[in-house]
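The values are calculated or read from the model by the stated rules, or taken from the named source; none is laboratory data. As the structure is a computational prediction, the values presented were derived from the model and not from experiment. SASA here: full protein model, heavy atoms, side chains in, ligands and nucleic acids out. Shrake-Rupley method; radii C 1.70, N 1.55, O 1.52, S 1.80 Å.
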Amino acid sequence: MSLDNFEFKVKSLFYGMEFTNGIRRELVGALAIIYFLSLGHNLVAITTMFAVSRILMTLFEFPSGAFADYYSRKKSILISFGLMSIAFLGIYFFQNFWLIVIFFILHDIAWTFQSGTTTAWVIDTLKYGEHLKKLASLFARFFFFEKTGAIVGGIIGVVIIAINFKFIWLVIAIFNFFTFLIILKYMEEINFKPKKLDSKILLQTFIHAKDSIKFLLHKHNGQIKGLAIAIFFGTLAIDGFFIEIPLIFNQILGLSPAYIAGIYSIVGFFALIAPFIGEKLVHKFDSKKPLFFIFTGIFLFMVCFALSKNIFLSISIIVLFSIFETTFITIHDSAVQRAIPSKSRATLGSAMNVIWAIANSLSVFLVGIGINYLGLINTTIISSIIALLTAFVYLFSLKY
């Protein structure tokens with residue numbers, strides 16, 4: 001196989017996995033909280049479930065990352081998509097709150113076997129680790145396919161909700177199962193030397209995690225520390241806003257779940273340009289200034305969305321927010337991958353995901369409490385202020 005054909009095959013698998021993830025994220029992000037509310041479950045109970053699930057997810061981040069770094073990235077990714085299929089089948093079949101909790105937590109645990117691992121696999125397979133421009137281009141197309149999946153997810157949501165709301169979760173399970181089969185047949189592991197899986201995996205995991213944390217906290221690694229702090233505050237703001245968006249559309253603007261799914265599909269279509277904007281910004285300005293201005297814009301969009309009473313204005317704001325948010329992810333992830341070494345790429349990727357998970361769990365829990373006591377609009381304004389703080393974290397902590 002020629003080098004060009006090999007790269008095409010590797011990138012196709014990489015982008016295909018993110019296409020499936022885009023479908024899942026779109027449907028879960030747009031509809032999960034509304035679906036669980038439609039079953040009669042309490043808002044604070046639901047957001048607490050989200051928070052607890054993310055906290056439990058962190059317990060699996062380092063073991064799953066070390067498993068990928070030491071033994072097999074392919075097997076780790078297969079475990080992820082296999083467990084995803086089972087988790088969403090469970091959400092499809094059961095309506096009891098505690099059973100939903102079990103399967104929702106399983107879905108988050110499944111993600112840990114993929115987080116940091118797919119990027120580690122593709123970067124090391126293609127030997128892109130030291131090439132910022134190649135990384136930016138890779139992630140631009142990565143997020144393009146994620147957003148394409150989001151568009152498809154939104155369209156699926158509109159169609160499926162018209163038939164039966166709960167079929168959404170069956171569709172996600174099927175997509176994950178077919179992705180599992182494709183990976184099983186076509187994924188290769190090269191430029192990677194696995195070690196024999198043995199009883200020392202827990203000890204090796206602890207050692208690998210310790211070394212990764214030491215790298216993260218080392219005084220000479222200020223760039224990765226700045227990125228870690230920024231992703232913590234950025235996640236507090238953005239993930240809280242992701243909870244608030246469908247609730248504002250549904251409860252304030254009076255839109256049905258099918259319309260909300262359609263809006264998310266429209267938003268995803270416009271966001272297709274965002275990864276390429278991120279690519280161009282990295283090539284021209286590096287990371288620091290773009291990230292500062294992007295989060296300043298995100299702050300403004302969140303405030304305007306919270307205060308808007310017009311549906312068309314609100315949709316326009318969310319389109320702009322989505323473009324900025326996806327551009328941010330493209331730039332941030334490119335900067336992270338350049339700042340970490342190959343030997344710990346999956347584990348340090350998992351470390352960043354632990355930071356995200358902790359921030360996410362705090363965010364969704366506090367949003368649930370905030371909505372309950374302060375109201376939906378005031379809670380959204382607070383999320384926007386945290387976004388502005390993130391802008392200044394990037395400005396003062398990054399060197400380039």
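A 1.4 Å probe run over the chain, with the rest of the protein chains in place, finds 42 Å² accessible per residue. Can you give me the Cα centroid spacing of segment 1-52 and segment 151-194 in angstrom? If we compute the Cα centre of each part, the gap is 9 Å. If you sort the three axes of the alpha carbon gyration tensor as a ≥ b ≥ c, you get a/c of 1.5 or more for segment 232-287 and a/b no higher than b/c, which makes it oblate.
Just the number, please: carbon plus sulfur as a percent of the accessible area of the chain, 1.4 Å probe, no ligands or DNA/RNA counted. Could the numbers behind the result be given before it?
Numbers: 11830 of 16700 Å².
Reported share for carbon and sulfur atoms: 71 percent.
Divide the volume of the convex hull around the Cα atoms of segment 242-400 by the residue count and you get 119 Å³ per residue.
Largest mean-square fluctuation among 178, 328, 67, in a Gaussian network model of the chain whose springs join Cα atoms under 10 Å apart, belongs to 178. Highest GNM mean-square fluctuation among 66, 351, 162, for the chain modelled with Cα contacts below 10 Å: 162.
Plainly put, the chain has a radius of gyration that is 0.94 times its Kirkwood radius, both from alpha-carbon atoms, as the Rg/Rh ratio.
As a test of the formula, what do you get for the chain when each DSSP H run with n ≥ 4 contributes -39,500 (n - 2.57) and the sum is divided by the residue count, at 222 nm and rounded to the nearest 500 deg cm²/dmol? Let's see the in-between values first.
On the way: 15 runs with 333 residues, N = 400.
Computed mean residue ellipticity for the chain: -29000 deg cm²/dmol.
Taking θ as phi - 60° and the Karplus parameters 6.51, -1.76 and 1.60, the scalar couplings of segment 371-382 work out to 4, 5, 10, 10, x, 5, 5, 4, 5, 5, 4, 4 Hz in sequence order, x denoting glycine and proline.
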